[in-house]
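Below: the structure, in structure tokens.
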Amino acid sequence: MGKGYLVVCYRSPPTEENLAAYAADAKAAIEALGGRFIARGMPVKTFEAGQNERSIIIEFESTDAAIRAYEDPSYQAILPRLGVMRDMRVIEGIDPF
């Protein structure tokens, strides 16, 4: 089984106040649950139906680990602080060859 990735795409921008209340605690919770942030920020370019909103990719040892992290009560308690809709999904990594 390959690594698991939690892919997050915001649907709207958070307020600065909400982002401040969310970001540090969310990062700490995800890292404590085994996640490693590999990309985050605004898109360099969007295509097709892509939205010009913040996106994040977090790597875990497996898809099961990514799902457990998302469902963990410590992370779930932090999620509402951001106050925005997100498209969040878990995908499995592939071996390059």
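Observations, loosely collected:
- Among helices (runs of 4 or more DSSP H) entirely within region 1-86, having at least 1 residues that are touching a residue at least 60 places away in the same chain (Cβ under 8 Å) singles out 16-32, 63-71.
- Condition check for Ala65 on (1) loosely packed, with under 12 Cβ neighbours inside 10 Å; (2) modelled with pLDDT of 95 or more; (3) of a type outside the set (Phe, Trp, Tyr): one failure, at (1).
- Restricting region 68-89 to residues that are exposed (fewer than 12 other Cβ atoms within 10 Å of the Cβ) and among the aliphatic types (A, V, I, L, M), the residue that is nearest to the chain's Cα centre (by Cα): Met85
- Evaluated against (1) loosely packed, with under 14 Cβ neighbours inside 10 Å; (2) of a type outside the set (A, V, I, L, M); (3) under 14 Å from Val84 (Cβ atoms); (4) at pLDDT 95 or above, Pro13 falls short on exactly one condition, (4).
Every residue, every condition in (1) among the hydroxyl-bearing types (Ser, Thr, Tyr); (2) surrounded by fewer than 16 Cβ atoms within 10 Å (Cβ to Cβ); (3) modelled with pLDDT of 95 or more, yes or no:
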| residue | (1), (2), (3) |
| --- | --- |
| Ala21 | no, no, no |
| Leu33 | no, no, yes |
| Ile38 | no, yes, yes |
| Lys45 | no, yes, yes |
| Ile58 | no, no, yes |
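The values are calculated or read from the model by the stated rules, or taken from the named source; none is laboratory data. Since we're looking at a predicted model, the values are computed, not measured. Methodologically, a virtual Cβ is constructed for each residue, glycine included, from the backbone with ideal geometry; neighbour enumeration extends over all protein chains shown.
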